[in-house]
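Report on the structure given below.
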Amino acid sequence: MEIQTIGIVGAGQMGNGIAHVMALAGYDVLLTDVSADALQKAMDTIKGNLDRQVGRGKVAEADRDAAVARIITTQTLSDLGQSDLVIEAATERETVKQAIFEDLIPHLKPTTILTSNTSSISITRLASRTDRPEKFMGFHFMNPVPVMQLVELIRGIATDKETFAACRAVVDKLGKTAASAEDFPAFIVNRILMPMINEAVYTLYEGVGSVESIDSSLKLGANHPMGPLELADFIGLDTCLAIMNVLHDGLADTKYRPCPLLTKYVEAGWLGRKSQRGFYDYRGDVPVPTR
Ligand code: NAD
């Protein structure tokens, strides 16, 4: 099936990045959000990020202008009715996502592929509430979308081969790399990454190392570009905790229990970079460890 028009629901951090890469690859993009402010911010972010790519010589000025012109924003969900593919990237709450699919489905073509960028909600369960579980799958981008090379493609139990192949072709056209994952809690990247971050927090909690010694150990000893605590701050400690809870609940194995220190940081509202404090304090000129 030929995909030309892509509908994106949710114009937050992920939605704007997805709109950016899709438009740059030549797709027509319909971007929707309940918030007019989010749509305005998304367009400003996309233009700013494209300008930066032009400045670095990675994107030609004409391609930037064409990409911006291919994105239409709307607060009306039904405007996405003519999309060939819909990528839902709204707030990570199952009731929100279900309500979006319920409202959108009556306006869609029977052939439209529906996908979700969820990091943790079961694709099979989301699909079962739609009229097209065989045309439903997970389309999981990494943050920041314009920079990260990987896209996880997650099959629900009912996803058919044609749907998977069509989504893979989109990833190829983006010049990104697809990793195919089955629908189990946290898929591949977060299934491996989050327990590592959680273990780094346990290492801090038990006093085995300081914030600095843990991060420099993994950077210099395992060749990771960022230390695990620095990375946790970048992702958001609330997100890390939520994913650990999904692993713990979904796999019912105590090895996934969230570290009490991670919970304590989240309770304090120290969520990492987005709240200016996490394992590091970002309020000054240089990040300072908080323990
Ligand atoms: P975000 O909070 O930045 O953006 C969510 C957007 O959804 C907001 O602009 C909000 O107004 C909008 N929204 C809420 N309800 C809506 C509705 N009914 N209709 C339309 N728009 C609605 O969140 P985000 O970080 O962009 O995450 C979006 C999705 O991507 C989540 O499912 C998340 O799990 C997933 N994800 C996030 C990351 C990450 O690192 N942030 C990485 C991969 C996947």
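Structure summary
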| read-out | value |
| --- | --- |
| Unmet requirement for residue 3, which otherwise passes all of (1) within 13 Å of the ligand (Cβ to nearest atom); (2) part of a loop (DSSP other than H, G, I, E, B) | (1) |
| Candidate set: the stretch 122-138, residues that are within 16 Å of residue 93 (Cβ to Cβ) and without any contact (Cβ under 8 Å) to a residue 40 or more places away in the chain; chosen: the one least open to solvent (accessible area, probe 1.4 Å) | 126 |
| So residue 94, is it surrounded by 13 or more Cβ atoms within 10 Å (Cβ to Cβ) and at pLDDT below 95 | yes |
| Selection status of residue 25, away from the ligand (no atom under 13 Å from the Cβ), closer than 15 Å to residue 174 by Cβ and open to solvent by less than 70 Å² (accessible area, probe 1.4 Å) | yes |
| Checking residue 17 against (1) over 24 Å from residue 274 (Cα atoms); (2) within 10 Å of the ligand (Cβ to nearest atom); (3) surrounded by 15 or more Cβ atoms within 10 Å (Cβ to Cβ), the condition it does not meet | (1) |
| Hits in the stretch 217-260 (condition: open to solvent by 40 Å² or more (accessible area, probe 1.4 Å), within 13 Å of residue 193 (Cβ to Cβ) and touching a Gly at 6+ places or on another chain (Cβ under 8 Å)) | 218, 234, 235 |
| Test: residue in the stretch 144-162 that is buried (at least 19 other Cβ atoms within 10 Å of the Cβ) and more than 19 Å from the chain's Cα centre (by Cα) | yes |
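To keep it simple, each residue is scored yes or no on (1) hydroxyl-bearing (Ser, Thr, Tyr); (2) open to solvent by 40 Å² or more (accessible area, probe 1.4 Å); (3) at negative phi; (4) touching a Gly at 6+ places or on another chain (Cβ under 6 Å).
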residue: 264; (1), (2), (3), (4): no, yes, yes, no
residue: 272; (1), (2), (3), (4): no, no, no, yes
residue: 276; (1), (2), (3), (4): no, yes, no, no
residue: 283; (1), (2), (3), (4): no, yes, yes, no
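The values are calculated or read from the model by the stated rules, or taken from the named source; none is laboratory data. Nothing here was measured: the structure is a model prediction, and the numbers come from that model. FYI the Cβ positions are ideal-geometry reconstructions off the backbone, even for glycines, and counts take in every protein chain you see. The area values use the complete protein model at the heavy-atom level, side chains included, leaving out ligands, DNA and RNA. Shrake-Rupley method; radii C 1.70, N 1.55, O 1.52, S 1.80 Å.
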